Amino acid sequence: MGDYIDWHIESGPDGLQGVITCGHPATRFVLDGTRPHIIRPRRARALRFVDGRVVFAAYARHPGTRPNPFLQRALRLGR
């Protein structure tokens, strides 16, 4: 995701301001987090997992993710 981050300085209402953007398609999911949801296969009949052995499943329950405001932290740290 780091390869998709861009930044620039522009003039704002209170003087100069830094603007950071990220063009990665999953950015909103990382910034806002996700609710628990079901994952189903799109082009196959089953999902395939490998964890020491191969397991097939018709669906998986994703527990969701917490928000990660990495762009705000980057702006605050000046990176």
Apportionment of accessible area to carbon and sulfur, the chain, percent (1.4 Å): 53
Go through (1) 18.7, 58; (2) 18.2, 63; (3) 20.5, 68 and flag the label whose value is the computed Rg and Dmax of the Cα atoms in Å for this structure. (1)
Net length gained if the chain between residue 4 and residue 16 were fully extended (0.36 nm per residue, minus Cα distance): 2.0 nm
Per the charge dipole of the chain (beta-carbon charges, Lys/Arg positive, Asp/Glu negative, Cα centre), the residue among 74, 7, 44 reaching farthest to the positive end is 44
Under a 1.4 Å probe, what is the accessible area of the chain per residue, stated in Å²? 89
Derived scalar couplings ³J(HN,Hα) [region 39-51; Karplus, 6.51 cos²θ - 1.76 cosθ + 1.60; whole Hz; x for Gly, Pro]: 10, 10, x, 9, 10, 9, 8, 8, 8, 10, 10, 10, 9
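The values are calculated or read from the model by the stated rules, or taken from the named source; none is laboratory data. If you're wondering where the values come from, they're calculated on a predicted model, not measured in any experiment. Every residue, glycine as well, gets a Cβ built from its backbone with ideal geometry; the counts of neighbours run over all protein chains shown. Accessible surface areas use protein heavy atoms only, side chains included; no ligands, DNA or RNA. Shrake-Rupley method; radii C 1.70, N 1.55, O 1.52, S 1.80 Å.
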